[in-house]
Amino acid sequence: MAETIMRARNIRKSFNIGTENELEILHGIDLDIHKGEFVSIVGTSGSGKSTFMNILGLLDRPTSGDYELNGIDVSSAADNELSHIRNKEIGFVFQTYNLIPRTSALKNVELPMLYARVPERERRERAEMLLELVGMKERMHHTPDELSGGQKQRVAIARSLVNHPSMILADEPTGALDSNTGRIVMDLFHRLHEENGITIVLITHSNELAEETERVITLRDGNIIGETVGKFSKNHDLRKH
Ligand SMILES: Nc1ncnc2c1ncn2[C@@H]1O[C@H](COP(=O)(O)OP(=O)(O)OP(=O)(O)O)[C@@H](O)[C@H]1O
Ligand SMILES: [Mg+2]
């Protein structure tokens, strides 16, 4: 039996607690994700996908319920402990890339290592190696406004990998990309999953992309309403362009 990396039990999340606008968004979610799994989360807009992902990624806390990450009960952990675990274990990829403007691809990738106090030479070597992995080494001195959407997303993926995370949480990573460019990003995720054994949780509006993963979780109105086995495509070549 595969090891559980994320274990969520009866997760509830409310916003505007104590006001007349108090609203429960997640209504008691149970989910286990195994080490090395590639899982997708689908559901209509407003169903609670990002809210749930923020809890899985320790960016936010549930209002109630239990959450264990790598066997650690994070419900009772202090904020600084959570950010330590987050920086060490989790790489994030977002629809809007979240790169620092007017800063080269190389420096963008180096930045999380600067915070982690990695020595300069090692920082540079690792950033270059990761940019090469995502096919962006030739453009590493370009700033985000000089890169296409797909190129920016590949830089963001390289950045998400710098601290050797055991998991990647990706919220609509292909949402702003055309289907060919989205394909390149998706192939990269397949490669990281297969070659590096990274656990991946992918939020997507594309049923087609979701079906390429091993398990598809469907959310509706803050509840998990279904789970299906994906086709898991073996088509994972990183196409050059
Ligand atoms: N900080 C907040 N305060 C109040 N309500 C919030 C907050 N964050 C999210 N919500 C509400 O929670 C619900 C779920 O939002 P969420 O962003 O998780 O949806 P989603 O499934 O990711 O949607 P999308 O596909 O559009 O990204 C929405 O009704 C949203 O308005
Ligand atoms: Mg969302």
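A few notes on this one:
- Checking each residue in region 154-181 for being closer than 19 Å to V39 by Cα, surrounded by fewer than 24 Cβ atoms within 10 Å (Cβ to Cβ) and within 16 Å of ligand 1 (Cβ to nearest atom) picks out D171, E172, G175.
- Checklist (1) within 20 Å of A170 (Cα to Cα); (2) away from ligand 1 (no atom under 16 Å from the Cβ); (3) among the charged types (D, E, K, R); (4) surrounded by fewer than 19 Cβ atoms within 10 Å (Cβ to Cβ) applied to E89, failing item: (4)
- Matching option when the condition is at pLDDT 95 or above and either under 25 Å from E195 (Cβ atoms) or not β-branched (V, I, T) (or both), among E37, E20: E37
- Total residues in region 9-66, condition within 15 Å of ligand 1 (Cβ to nearest atom), touching a strand residue (DSSP E or B) at 6+ places or on another chain (Cβ under 7 Å) and farther than 21 Å from T218 by Cβ: 6
- Close pairs (6 angstrom Cβ cut-off, 6 or more residues apart or separate chains): within 13 Å of L202 (Cβ to Cβ) and within 16 Å of ligand 2 (Cβ to nearest atom) in region 152-172, of a type outside the set (S, T, N, Q) and part of a loop (DSSP other than H, G, I, E, B) anywhere: L169/G57
The values are calculated or read from the model by the stated rules, or taken from the named source; none is laboratory data. Note that the structure is a prediction, hence the values are computed from the model and not measured. Here Cβ is always computed from backbone atoms with ideal geometry, including for glycine, and neighbour counts include all displayed protein chains.
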